[in-house]
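Student: I'd like to ask you about the structure that follows.
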């Protein structure tokens, strides 16, 4: 495996690990610091630019690997036609070499393709997790303010009940 494919594979492993961490059902008190820890390096503008360049590079590798698979398929079809028309014998070693190149090209295509797909999946999952954490935070703050409002309303109602009881007692005394 070439150096750039090894780097793509490392990126794929990092994406798999980060997707697994993001998709684990953790309590919010653990998920929030973990999510903030994961996002902290990516908030730097230089790192974001580097990531965009890496994604563009992987996309170029993906397109190149698709072209290689297509060329190798055409070469294989040409060799099959050449062998069936009697125009020449096709060596089995040539065929094995073509199939090995086809395997490597397909491997590279799948490697780069799944890396691109998982990149977008991880970004979307991260956005969903941060949105979930924000909604939970706002829900908790609303719940606290609602409980404060309810407690003040209860106190006001109790005061009103006590005032009305006193008024009822005074009216009852007047009627006697």
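Here's the yes/no breakdown for (1) in contact with a strand residue (DSSP E or B) (Cβ under 8 Å, 6 or more places away or on another chain); (2) over 30 Å from residue 36 (Cβ atoms); (3) assigned to a helix (DSSP H, G or I); (4) modelled with pLDDT under 85:
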position: 63; (1), (2), (3), (4): no, yes, yes, no
position: 69; (1), (2), (3), (4): no, yes, yes, no
position: 89; (1), (2), (3), (4): no, yes, no, yes
position: 93; (1), (2), (3), (4): no, yes, yes, yes
position: 100; (1), (2), (3), (4): no, yes, yes, no
position: 107; (1), (2), (3), (4): no, yes, yes, no
position: 114; (1), (2), (3), (4): no, no, yes, no
position: 124; (1), (2), (3), (4): no, no, yes, no
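Student: Let me ask something else about it. What number of residues in region 107-154 are closer than 20 Å to residue 6 by Cβ and free of Cβ contacts under 8 Å to residues at least 12 places away in the same chain?
Tutor: 3
Student: Which condition breaks for residue 25 when tested against (1) in a helix (DSSP H, G or I); (2) free of Cβ contacts under 8 Å to residues at least 12 places away in the same chain?
Tutor: Among (1) in a helix (DSSP H, G or I); (2) free of Cβ contacts under 8 Å to residues at least 12 places away in the same chain, residue 25 violates only (1).
Student: Related question: Which condition does residue 32 not pass, out of (1) part of a helix (DSSP H, G or I); (2) farther than 26 Å from residue 137 by Cα, if it passes all the others?
Tutor: Unmet for residue 32, out of (1) part of a helix (DSSP H, G or I); (2) farther than 26 Å from residue 137 by Cα: (2).
The values are calculated or read from the model by the stated rules, or taken from the named source; none is laboratory data. In this text, all values refer to a predicted model and were calculated from it rather than measured experimentally. A quick note on method: Cβ atoms are made from the backbone with ideal geometry, for glycine too, and the neighbour counts reach across all protein chains shown.
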